[in-house]
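Below: one structure, written as structure tokens.
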Amino acid sequence: MGRIELSIYTPRYVPTGNEVAVIETSKGTVRVELFGLETPVTVGNFVELAAKGFYDNLKFHARKEGSVVVGGCPVTRSMGPAQVLAAVKGVIRGMHPGTGDARYTIIDEWGSNPKNIHRLGSLCMAHKSAPNSGSCQFYFSLGEQPEYDDRYTVFGQVVEGIDVVERLAIGDAVKGIAIEGADEEALASAIAQETPRPPSPREAMAELERQRAEREAAKAAETAENAE
């Protein structure tokens, strides 16, 4: 069966370059200077989601010592810390932390970002293997990782609370994210508008059927061409 391709979203909020994210976690507060001028799409998306409360009560669902700690998956919203840990270990069926998204994707910006350097406390956009597949999940870099510099967008740097970042573990919660330095009027206007919505079951089935028909048509055309 085919899969539904999510649309690429361009945030309506245009960063000022002065935005700072104040991330309240169950381990303490982390302040992050956002690279709004260098990565306007990634920061605009993060700011909009934060302002809408999207990240409230989400849990960190992955940690690799010396590498990254990952959060921002909406699958974890209704899960407690122990449930997240159990689901990550495969003990709970039907719950898969790390698979959720905001029902759209955004473009990669690592190639055009002069600040795209992974170091301790870098805030980065997580994504799948395909290009432009980032959505809402993010991670903190736990050290220098130049091998990631040309693969993932770095869109901020921790300026306070690096000790909190280093203590974050699977199951720890994001209590909320406040954005300082934003253009409040522009942000209010941006989040008041509708963002891409997930397809209804009927629309999803219709899209899968369309994809199937296109594949069959292409295969038939190729067969006819080879027969000539």
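The values are calculated or read from the model by the stated rules, or taken from the named source; none is laboratory data. Here the structure is a predicted model, which is why all the values come from computation and not from measurement. Cβ: placed from backbone, ideal geometry, glycine included. Neighbour counts: every protein chain shown. Ligands, DNA and RNA are stripped out before the accessible areas are found, and what is left, the full protein with its side chains, is counted by its heavy atoms. Shrake-Rupley method; radii C 1.70, N 1.55, O 1.52, S 1.80 Å.
Out of the residues in the range 75-94 that are among the β-branched types (Val, Ile, Thr) and under 12 Å from Leu58 (Cβ atoms), state the one that is surrounded by the most Cβ atoms within 10 Å (Cβ to Cβ).
Checking each candidate, the answer is Thr76.
Return the residues of the range 141-161 that are closer than 21 Å to Pro15 by Cα and either hydroxyl-bearing (Ser, Thr, Tyr) or not assigned by the TED database to the domain that holds Ile106 (or both); say none if nothing qualifies.
Passing the criteria: Tyr152, Thr153.
How many residues does the range 114-132 contain that are part of a loop (DSSP other than H, G, I, E, B), of a type in the set (Gly, Ala, Ser) and modelled with pLDDT of 95 or more?
2
Do you know which of the residues in the range 166-176 that are in a strand (DSSP E or B) and open to solvent by less than 20 Å² (accessible area, probe 1.4 Å) is nearest to Gly80 (Cα to Cα)?
The qualifying residue nearest to Gly80 (Cα to Cα) is Ala173.
Consider only pairs whose beta carbons are under 7 Å apart and that are at least six residues apart or on different chains; among these, list those whose first residue lies in the range 26-55 and is open to solvent by 10 Å² or more (accessible area, probe 1.4 Å) and whose second residue is β-branched (Val, Ile, Thr) and part of a helix (DSSP H, G or I).
Listed by first residue and then by second, the contacts come to Lys27/Val164; Gly28/Val164; Thr29/Val164; Phe35/Val43; Ala51/Ile191; Lys52/Ile191.
Could you please find all residues in the range 59-74 being open to solvent by 70 Å² or more (accessible area, probe 1.4 Å) and assigned to a loop (DSSP other than H, G, I, E, B)?
Once the filter is applied, which keeps residues that are open to solvent by 70 Å² or more (accessible area, probe 1.4 Å) and assigned to a loop (DSSP other than H, G, I, E, B), the range 59-74 yields only Glu65.
Can you tell me how many residues in the range 177-206 are open to solvent by less than 50 Å² (accessible area, probe 1.4 Å), assigned to a helix (DSSP H, G or I) and modelled with pLDDT under 95?
Number of matching residues: 1.
Would you mind stating whether Thr99 is open to solvent by less than 60 Å² (accessible area, probe 1.4 Å) and free of Cβ contacts under 8 Å to residues at least 60 places away in the same chain?
No, not satisfied.
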